Amino acid sequence: MKKNKIQNIIILAVITIIIGAIIGYNYSVDQTKQKGFQFGVELAQIQEDVSQLQTKFYSEKNKWDEGDITKEDLQKYYEKHVKEFKEIISRYDKLTPPELFKSSVELFKLSSQTQLESDEEYIKWITTGDESARIRSDAQIQEAYEYENLGLLEFQSAKSGIKTYDEPEKFSAPQSGLTQKVIQISENMKNECDSQFKNGLGEFDSDQIEIDWFNCFNEAENWKIEHLP
């Protein structure tokens with residue numbers, strides 16, 4: 001339940017900020033502002049649906065723990081959960097965000113996709129008892145949380161950088177703090193690589209493990225390069 005609470009807290013924060021950012025749009029008949037308002041409403045609804053889906057996901061697990069449903073019932077629900085989650089994620093592609101908000105939408109989508117991957121590993125752990133699947137699930141939920149945080153940061157930057165909705169050429173998005181956040185997330189990813197592949201002495205138990213660590217480390221570095229402003 002811990003990772004569920006963490007994810008829901010950040011999602012609720014995102015919803016609050018999204019709604020706050022679009023309230024001003026509601027008082028104008030200007031077409032551009034109305035489109036912006038519609039985008040904000042739709043994005044907030046997606047994030048809320050993700051939150052509700054995750055709450056249901058873990059409540060069903062609790063029902064099984066308490067003997068209220070069978071494992072077969074739980075597995076049937078999990079199949080439905082994955083299908084519904086994929087449908088929700090597909091809605092990100094139907095949004096029409098203002099230019100400044102496109103990068104934040106991509107990060108919110110990436111967070112949800114990573115959350116789904118975490119859920120799938122969690123389901124594998126419940127179904128097979130594979131402890132490595134649980135470990136992967138925990139790592140992915142942390143990654144999803146960091147994507148969500150970065151998306152929130154970019155959304156806030158875009159919101160505070162808007163000069164006018166009537167003249168797109170005057171839009172600007174301040175980058176203050178974004179570089180530091182990207183570097184921080186990349187370092188966290190590298191630390192996860194160390195924790196996963198290095199032993200207590202900071203060494204590798206086999207050549208293959210060292211290769212796996214190297215690939216993991218490179219992925220973190222490439223992610224940083226791709227996301228630096």
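Each reported figure results from applying straightforward, stated rules to the coordinates on display, with no laboratory input. All of these numbers come straight from a predicted model, not from anything done at the bench. No Cβ is skipped: glycine too gets one built from the backbone with ideal geometry, and neighbour counts run over all protein chains shown.
With θ taken as phi - 60° and the coefficients 6.51, -1.76 and 1.60, list the Karplus ³J(HN,Hα) couplings across the range 99-108 in order, rounded to whole Hz; mark glycine and proline as x.
3, 4, 9, 4, 5, 5, 5, 4, 6, 4
If R₀ is 41 angstrom, what is the calculated FRET efficiency for the pair GLN38 and GLU187, using the beta carbon separation as r and rounding to 0.05? Kindly include the intermediate steps, with their values, before the conclusion.
Working: r = 38 Å, r/R0 = 0.92.
Result of the calculation: an efficiency of 0.60.
With r defined as the distance between the Cβ atoms of GLU203 and GLU99 and R0 fixed at 41 Å, what FRET efficiency is calculated, to the nearest 0.05? Walk me through the numbers before you get to the answer.
On the way: r = 48 Å, r/R0 = 1.18.
Efficiency for this residue pair is about 0.30.
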